[in-house]
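> Right, I'll just put the structure down here and ask away after.
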């Protein structure tokens, strides 16, 4: 034992549920539908472009803010998709993943005592990122089972200490997406205030049933006070590369980069060079809604004879299932039981709440090969 003591800055934080369930899946030789990553190949063309970048010598640090050509291509893409003009020089920063971008955006501005509004269930990094900066998360539950926002409750949560509001659309873990009306309500809420916004849009290209992604960048009044965080890993099936980017107005980007320069400094150079060339292939991201909707529909068709009640997934590559009508086990225990006894690993949704609110719902990831989904469904239909 060490002859010193420490006081943890995150005393209630342990190993993430994603790691726990993936380890449990491996130990039990279970099919892993818990952690959100594809098990199918990515585009060989992108791999080749990155390999060519390495062979041509792009192996040293690139610009701190991101490979210049990649930032230019991102700006072109943003204008094409959302009609927003953003400066590659002063408004785009390439980062080692979107979770890093979220942490940096929070860290560069939050001070002890600041309040941050967070909707629960929430991606598991949000609350620790807020708390490690001495700020206070103000947690507002989405309304079960549709996981909609009670805007009157949001309004009542605003105080003079409210510094930021965090949104995530398409939403992990529920698969809900924000509507234009949600953004109109948000615009009215923050007008005339100093409230900033962090918009987590890593699943921007994965929306279903003809629904467009409502990026915060579509709204000039909101985007001027917002950090918008994106992920190449989610778009191009390369989550292990950990490459994303943050878009924010110059004033916010300046503060963001002050933290970024002393943390990672820069991001994987050959990946950036390869992505810069690959972004000319618009089909690669334009085809994603259809690609993942087919996987969603295929999985649900396989599971129609299972006892689960499936909630509506409008985006992301997750779908929630309720089981309270046939089991009253806590969702954490149910997920462990499902992994051990039926060989399929899922995520209990209660872990996305700080106080473990349990609606008897679990999350499935359908970003898997058809053979994986078929094998999982065969096991689950025996429930």
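The values are calculated or read from the model by the stated rules, or taken from the named source; none is laboratory data. Because the structure is a prediction, the values reported are computed rather than measured. Positions of Cβ are backbone-derived with ideal geometry, glycine not excepted, and every protein chain shown enters the neighbour counts.
> Where residues in region 61-71 are touching a strand residue (DSSP E or B) at 6+ places or on another chain (Cβ under 9 Å) and part of a helix (DSSP H, G or I), which of them is nearest to residue 256 (Cα to Cα)?
Among those residues, the one meeting the criterion is 71.
> Going by the conditions given, is residue 93 surrounded by 20 or more Cβ atoms within 10 Å (Cβ to Cβ) and assigned to a helix (DSSP H, G or I)?
no
> In addition: If residue 47 satisfies every condition in (1) under 27 Å from residue 364 (Cα atoms); (2) assigned to a helix (DSSP H, G or I) but one, which is the exception?
The single condition residue 47 does not satisfy is (1).
> Can you name every residue in region 98-122 that is within 26 Å of residue 19 (Cα to Cα), in contact with a helix residue (DSSP H, G or I) (Cβ under 7 Å, 6 or more places away or on another chain) and not in a strand (DSSP E or B)?
102, 103, 104, 105, 106, 107, 121, 122
> Then there is this: Does residue 75 count as closer than 29 Å to residue 262 by Cβ, surrounded by 14 or more Cβ atoms within 10 Å (Cβ to Cβ) and out of contact with any helix residue (DSSP H, G or I) (no Cβ under 9 Å at 6 or more places or on another chain)?
Spelling it out, residue 75 is indeed closer than 29 Å to residue 262 by Cβ, surrounded by 14 or more Cβ atoms within 10 Å (Cβ to Cβ) and out of contact with any helix residue (DSSP H, G or I) (no Cβ under 9 Å at 6 or more places or on another chain).
> I would also like to ask the following. If you check 57, 14, which single one turns out to be out of contact with any helix residue (DSSP H, G or I) (no Cβ under 8 Å at 6 or more places or on another chain), modelled with pLDDT of 95 or more and in a loop (DSSP other than H, G, I, E, B)?
57
To keep it simple, each residue is scored yes or no on (1) closer than 29 Å to residue 62 by Cα; (2) touching a residue at least 40 places away in the same chain (Cβ under 8 Å).
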| site | (1), (2) |
| --- | --- |
| 75 | yes, no |
| 79 | yes, no |
| 88 | yes, no |
| 100 | yes, yes |
| 118 | no, yes |
| 122 | no, yes |
| 131 | no, yes |
| 137 | no, yes |
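> Determine, yes or no, whether residue 175 is in contact with a helix residue (DSSP H, G or I) (Cβ under 9 Å, 6 or more places away or on another chain), on the phi > 0 side of the Ramachandran plot and modelled with pLDDT of 95 or more.
Answer is yes for this residue.
> Go through (1) surrounded by fewer than 19 Cβ atoms within 10 Å (Cβ to Cβ); (2) within 15 Å of residue 368 (Cα to Cα); (3) touching a residue at least 40 places away in the same chain (Cβ under 8 Å) for residue 282 and report which single condition fails.
(2)
> If residue 34 satisfies all but one of (1) modelled with pLDDT of 95 or more; (2) buried (at least 20 other Cβ atoms within 10 Å of the Cβ); (3) touching a strand residue (DSSP E or B) at 6+ places or on another chain (Cβ under 8 Å), what's the number of the condition it fails?
In the conditions (1) modelled with pLDDT of 95 or more; (2) buried (at least 20 other Cβ atoms within 10 Å of the Cβ); (3) touching a strand residue (DSSP E or B) at 6+ places or on another chain (Cβ under 8 Å), residue 34 misses (1) alone.
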